[in-house]
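Below is one structure; the comments refer to it alone.
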Amino acid sequence: MFRWLTLSVIIFTLDQITKFYAVQLLTLYEQKYIYHGLNLTLMHNTGAAFSFLSDAGGWQRWFFIGISCFVSVIIVVWMYNALTKSRWLLLALAFILGGAVGNLWDRLTLGYVIDFIEVYYNDLYWPVFNIADSAITIGAIILILDTVFIDRRSNTL
């Protein structure tokens with residue numbers, strides 16, 4: 001269990017370090033061109049994914065904090081119960097936990113989540129995101145792959 005929680009802590013730490021530097025190097029809404037298809041753009045997201053409920057008036061902060069705490073506890077229990085089952089499942093849960101706690105920390109300390117990675121193609125822009133969001137997405141993809149493709153007898157793809 002220690003190594004999976006350590007991975008979550010590493011993801012959390014990487015997320016917080018990159019957010020710290022984004023805040024130091026950028027002003028709010030400022031775009032810094034990196035290369036075609038990638039900008040750094042500092043945003044404060046008071047909502048959830050894709051800024052869902054960002055204009056809800058403030059109650060959503062505590063709603064998302066509550067959901068994040070609940071889900072984090074469920075994930076830790078799930079990890080503990082899965083220790084003898086699948087390394088892929090544990091990897092997925094460690095990524096999701098690290099990302100969830102990274103965004104939870106922002107909500108608790110700042111009242112919003114710091115987003116700064118902007119990906120685009122021509123005039124099509126993906127919503128700005130951060131390392132925690134990426135970790136949650138990667139964890140969810142691994143979780144889906146684990147559910148669909150992993151052979152439980154050999155624990156391999």
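Give me the extension gain from Phe149 to Lys32: residue separation times 0.36 nm, minus the current Cα-Cα distance, reported in nm with one decimal.
Details: separation 117, 0.36 × 117 = 42.12 nm, distance 3.98 nm.
Between Phe149 and Lys32, full extension yields 38.1 nm more.
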Problem - Which of Val128, Ile114, Asn103, positive extreme of dipole for the chain (C-beta unit charges) - result: Asn103
Problem - Candidates Thr147, Thr84, Thr41: whichever shows maximal mean-square fluctuation once the chain is modelled as a Gaussian network with Cα springs under 10 Å - result: Thr84
Problem - Sorted by Cβ neighbour density within 10 Å, fewest at the top, the residues Tyr125, Tyr112 - result: Tyr125, Tyr112
Fill in the blank from the handout: Proxy exposure order for His44, His36 (fewest C-beta within 10 Å first) is His36, His44
Practice task
Could you work out how far helix 87-110 tilts from the main Cα principal axis of the chain, as a 0 to 90 degree angle to the nearest 10?
Solution key: 30
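Given Cα pairs under 8 Å that are at least 6 residues apart, what percent is the relative contact order of the chain?
Dividing the mean separation by the residue count of the chain yields 30 percent.
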Practice task
Would you give the gap between the C-alpha center of the range 18-39 and the C-alpha center of the range 81-155, rounded to a whole Å?
Solution key: 21
Exercise for the section: Set the Förster radius R0 to 25 Å, insert the Cβ-Cβ distance between Phe70 and Phe20 as r into 1/(1 + (r/R0)^6), and round the FRET efficiency to 0.05. Expected result: 0.40
Fill in the blank from the handout: Candidates for Rg and Dmax of the Cα atoms in Å are (i) 20.0, 71; (ii) 15.1, 43; (iii) 16.8, 52, and the calculated one carries label (iii)
Handout entry: Residue of Phe116, Phe70, Phe95 that the Gaussian network model of the chain assigns the largest fluctuation, springs spanning Cα pairs under 10 Å
Key = Phe70
Handout entry: Potential extension, Thr6-Val77 segment - 0.36 nm per residue separation minus Cα distance
Key = 24.0 nm
Practice task
Could you work out which residue, out of Ala132, Ala22, Ala94, moves most in a Gaussian network model of the chain, that is, has the largest mean-square fluctuation with Cα springs under 10 Å?
Solution key: Ala22
Practice task
Go ahead and estimate [θ] at 222 nm for the chain from helices alone: -39,500 (n - 2.57) per DSSP H run with n ≥ 4, summed, over the residue count, rounded to 500.
Solution key: -20000 deg cm²/dmol
Practice task
Just grab the label-to-label distance for Leu108 and Tyr120, each label 7 Å out from Cα along the Cβ direction, in nm (one decimal).
Solution key: 3.5
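Taken together, the values in this text are just the output of simple stated rules run on the coordinates, not laboratory data. None of the values given here were measured: they were computed from a predicted structure. Every residue, glycine among them, receives a Cβ derived from its backbone with ideal geometry; neighbour counts consider all protein chains shown.
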